[in-house]
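To keep things clear, I will list the structure first and then write my remarks on it.
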Amino acid sequence: MKNLSVFIFVLLFSSHTIFSQNLSQTIRGNVVDKETGQPLIGANIIVLNSEPLLGAVTDEKGNFRIVNVPVGRKTIRISYISYNDLFLNDIVVNSAKEVVLNLEMQEKVMSAKEVIVTAKSNKAQTNNDLVLISGRSFTIDQTNRYAGSLADPSRMAANFAGVAGGGNDQRNDIIIRGNSPLGLLWRLEGADIPNPNHFSNQGANGGPVSILNNNTLANSDFLTGAFPAEYGNGNSGVFDLKMRNGNNEKHEFLAQLGFNGLELLAEGPIQKDGASYLISYRYSTLAIFNAMGIQFGESGIPFYQDVSFKFTFPKTKFGSFSVWGLGGLSSTQLLNSNKTAAERAKLQYPQDIDFSSKMGAAGITNSFQINKKSYIKTVLSVSGEGNRTLVDSLTPSDNKFYLYNSNSLYGKIALHTYYSHKFNVRSTLKIGVIGSRLFGSQYDSVYVNALNVNTSSGYKQQLNFDASTFLGQAYVNWNYRITNDLSFNTGIHYNELFLNNTNSIEPRASIRWQTAGGHIFSAGYGLHGQMQQMYTYYQKTLVDTLNNGYINSNRNVGMSKSEHFILGYEKMLSNEVRFKVEAYYQYLFDLPVNQSPGVYSSVNTGADFVTSKVDSLVNKGIGHNYGIEFTLERFFSRGYYYLLTTSIYQSEYRASDGVWRNTAFNGNYVVNVLGGKEWKIKKSGTLIASLKVTDAGGRRYIPIDEAQSKILGYAVYDYAHAYQNRLPDYFRTDIRISYKINGKRVTQEWALDIQNIFNTRNILTQQFNPQMGVMQNIYQIGIFPVPLYRIYF
């Protein structure tokens, strides 16, 4: 222990005695053609505003190296004859970690007139050049520096136009344009994966803590509508994530302690041919926060751990390979039996809850270059998620009474392969197939207390199955660049669920035009289909009370579908400032609703903490979402940035009762104001402060008839007025302050992220307490400080 204390003292002392040193690092990487992956020989890479000028030229393999680059934020320009210039204006150079860039450049469509190159490029343009509307890229640095993001890509994306966090501090749900969070497609390294969050539940697509580790991610894409044909089985948006490669020349390490846990990360070369490894492990530290008196809402003390890894082998006779994966385990207990009798009397339903969840995904990716114009990419993956919930009721005698038990496991084995061919500078074709073997099992048992003479008390089952099926997808996508400033993208996606032979044929098209004055106009259309959650197809319906006979009444339920129509305009007001506006209309149809008149629709799935399991569904529901979104963004430059987004929207549906209602996600508006400033402290220190303010419409709810509830002694819901009203508007202010210092071989960072700094009492939900006979407000998390320490070495 004494030696460790001496080591820490020497480390901290040495890091504060290097202010007079000129610290530097290496920037290296490779440059390839965006459509073919072929290396570009002789491309120029320059660090702008460097004195003396620093730069390099790519070699015969497209590789480059720039040494002795001073630490700090840098802007880099990449240029190559007959290709559009590429600008990277937010590259963070640390003394303890090399900057490795894998860059893709797009060939110009040459015209007779002279092409004038300026620095006014769209720095939020997606990595996928097929995305012409309703998409943007994001950097991992943004998830680190945005206040309130807690290094979570989902919470970071909640700042973007068209996205709402659901007004729920305890989950990172992504609600896009009024749609259910289940409409979001998660894709990692080309494979579709399940909900990548700890404490996830069936019928949810978020959680309190992300399994995704931003320290292992590369720049990725986030899409909010009319996405290209290569994406399927999702009808609201896409999170297309990429993992970065480990450093293939030197071993580097990271240690971190913060909201996401205690983390250890290692990366480095495996052999001299460019192969590398990247592996990270995290373990929960929220138990420490609990010991400090910081409560994590109503969720108890969460325990979790996760791992992420990627092994890259770029040079084999069968092309390049990577082996990647991530996974996590989590559990928590909410024990009301530990409370006093007086405390339990204030609760709606005193109970003990034991909950655990697990999620994992792993795969092998191969990219094989056929020739200079064509390549094939293949991803073989396996993924799954599961959870267990055990509930013991403490009423009426404060003794444990077994009430509910559920066990579930869902997964798939999938193969995604596509062929890409670049005919010429204008035309690129992509053809692909995705085959998924789906499997699932779920068992539950719930005690039902009879409330009328037509039913009997006792344990009932909603689900009890162990089954598998197959989901087939195919797509073709053609991208045609009419001129350098006018692009057209079209394609078609096909879904087939073999369980009940339902399918969806989905045309997609988008166009983007940039005028000589820098005005950008875009339009997009897409039809998107999505299968239901697997448990939906196995929901049991009791048809024979005497013989306990059941049928699967949802077996033939088809896919939910949505048509997206989008118009957009954007302009770079300067080299750093972008203005963007998008208007959209979505028509939702074939939504599962009750056969008999009722208010249920699958469009509201994911709004509650408990998954609704409904039988006897038919695809006769409809709905629509429409709205307008504004973005004003200054990219990080000259020490500061800001992002202002406003979303005004309407989201409505019609169920089997024929009445148009608000959806559960119709908050009507979201306003985000985000900004940050960076100060240099002498030569090696950096102080960063950021602020985020969110104002959003409150959550929709089904009201409780308080008078009837008091008479009957339990909550009676007024379904005739479902989702008519909203809770009070949601308002929260977050701040983040961090300090980073570069040493000769070590970079350290200290940060404090304070969520809800004004301790605003936002209402999460309302409940009826039958023991006290009163309505109660359940409030969200108050002020929540989260410290962080990170060290690179």
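Placing a label point 7 Å from the Cα of Leu752 along the Cα-to-Cβ direction, the residues of the stretch 141-161 whose backbone N falls under 19 Å of that point are 145-151.
So what is the diffusion coefficient of the chain in µm² per second by Stokes-Einstein at 25 °C and 0.890 mPa s, using a Kirkwood Rh over Cα pairs? Intermediate results must be reported in sequence, preceding the final value.
Numbers: Rh = 27.9 Å.
D = 88 µm²/s.
Per atom type, the chain shows carbon and sulfur on 58% of its accessible surface, probed at 1.4 Å. Couplings 3J(HN,Hα) of the stretch 374-383, computed from phi: 9, 8, 10, 10, 10, 10, 9, 9, 9, 8 Hz, in residue order, whole Hz [Karplus 6.51 cos²θ - 1.76 cosθ + 1.60, θ = phi - 60°; x for Gly and Pro]. Placing a label point 7 Å from the Cα of Lys710 along the Cα-to-Cβ direction, the residues of the stretch 754-786 whose backbone N falls under 15 Å of that point are 768-776.
For Ile370, Ile711, what's the largest-to-smallest order of accessible area, 1.4 Å probe?
Details: Ile370 80, Ile711 125 Å².
Final ranking, largest accessible area leading: Ile711, Ile370.
Only residues of the stretch 572-589 count here: report those whose backbone N is under 16 Å from the spot 7 Å along Cα→Cβ of Lys620, or say none. It comes to 589, nothing else.
Computed from label points 7 Å out along Cα-Cβ, the spacing between Gln595 and Leu567 is 4.4 nm. Only aspartates and glutamates eight or more places from Lys580 in sequence, or on another chain, were considered; those with a Cα closer than 16 Å are Glu570, Glu629, Glu633. Accessible surface of His721, taken over heavy atoms with a 1.4 Å probe and every protein chain present, rounds to 80 Å². Among the protein heavy atoms, those of Ile783 account for about 80 Å² of accessible surface (1.4 Å probe, every chain in place).
Ordering Ala720, Ala655, Asn756 by Cα displacement along the dipole of the stretch 638-776 toward the positive end leaves Asn756 in first place; charges were set at the Cβ atoms of Lys, Arg (+1) and Asp, Glu (-1).
Straight-line cross-link reach from Lys412 at under 19 Å between alpha-carbon atoms covers these lysines, not counting any fewer than eight positions away in the same chain: Lys358. Label separation (Arg388 vs Gln125): 5.2 nm, computed from points 7 Å beyond Cα along the C-beta direction.
Over the chain, dividing the summed -39,500 (n - 2.57) contributions of all DSSP H runs of at least 4 residues by the number of residues returns a 222 nm mean residue ellipticity of -1500 deg cm²/dmol. Take Tyr447: with every protein chain present and a 1.4 Å probe, its accessible area is about 70 Å². Extension gain, Phe793 to Val577: 0.36 nm times the residue separation minus the Cα-Cα distance gives 74.3 nm.
Under the criterion of Cα pairs below 8 Å and six or more residues apart, the relative contact order for the chain equals 11 percent.
Computed on protein heavy atoms with a 1.4 Å probe, the accessible areas place Ser337, Ser134 in the order Ser337, Ser134, largest first. Computed from point charges on the beta carbon alone (+1 for Lys and Arg, -1 for Asp and Glu), the dipole magnitude for the chain about its Cα centre is near 1860 Debye.
The calculated FRET efficiency for the pair Lys372 and Tyr669, based on their C-beta separation and a Förster distance of 60 Å, comes to about 0.75. What is the angle, in °, between the Cα long axis of helix 2-15 and the longest principal axis of the Cα atoms in the chain? Nearest 10 is fine, range 0 to 90. Once rounded, one gets 60 degrees. The residues of the chain present an accessible area of 42 Å² per residue when probed at 1.4 Å with all protein chains retained.
Taking 23 Å as the cut-off for C-alpha to C-alpha distance, list the pairs among Lys242/Lys430; Lys272/Lys430; Lys400/Lys613; Lys74/Lys677 that go past it. The partial results should precede the final answer.
Values: Lys242/Lys430 19 Å; Lys272/Lys430 33 Å; Lys400/Lys613 25 Å; Lys74/Lys677 16 Å.
Violating the 23 Å limit, Cα to Cα: Lys272/Lys430; Lys400/Lys613.
Sequence-ordered 3J(HN,Hα) estimates for the stretch 310-316 from the Karplus curve with 6.51, -1.76 and 1.60 and θ = phi - 60° stand at 7, 10, 10, 10, x, 10, 10 Hz, glycine and proline given as x. Each of Leu463, Leu347 has its accessible area taken with a 1.4 Å probe; listed largest first, they run Leu347, Leu463. Using a simple spin-label model with pseudo-atoms 7 Å out from Cα toward Cβ, Tyr739 and Asn449 lie 5.7 nm apart.
Going by the alpha-carbon gyration tensor, a ≥ b ≥ c the square roots of its eigenvalues, is the stretch 225-285 rounded (a/c under 1.5) or, if a/c is not under 1.5, prolate (a/b greater than b/c) versus oblate? Please report the intermediate quantities before stating the final value.
Numbers: a/c = 4.42, a/b = 1.46, b/c = 3.02.
Oblate shape, in that a/c is at least 1.5 and b/c is the bigger or equal ratio.
When the listed pairs Lys460/Lys710; Lys377/Lys571; Lys373/Lys571; Lys108/Lys744 are checked against a 31 Å cut-off, the alpha-carbon distance exceeds it for Lys377/Lys571; Lys373/Lys571; Lys108/Lys744.
The values are calculated or read from the model by the stated rules, or taken from the named source; none is laboratory data. These numbers were taken from a predicted model, which means no experiment stands behind them. All Cβ positions, glycine included, derive from the backbone under ideal geometry; neighbour counts span all protein chains shown. Protein only, heavy atoms only, side chains kept; ligands, DNA and RNA dropped before computing areas. Shrake-Rupley method; radii C 1.70, N 1.55, O 1.52, S 1.80 Å.
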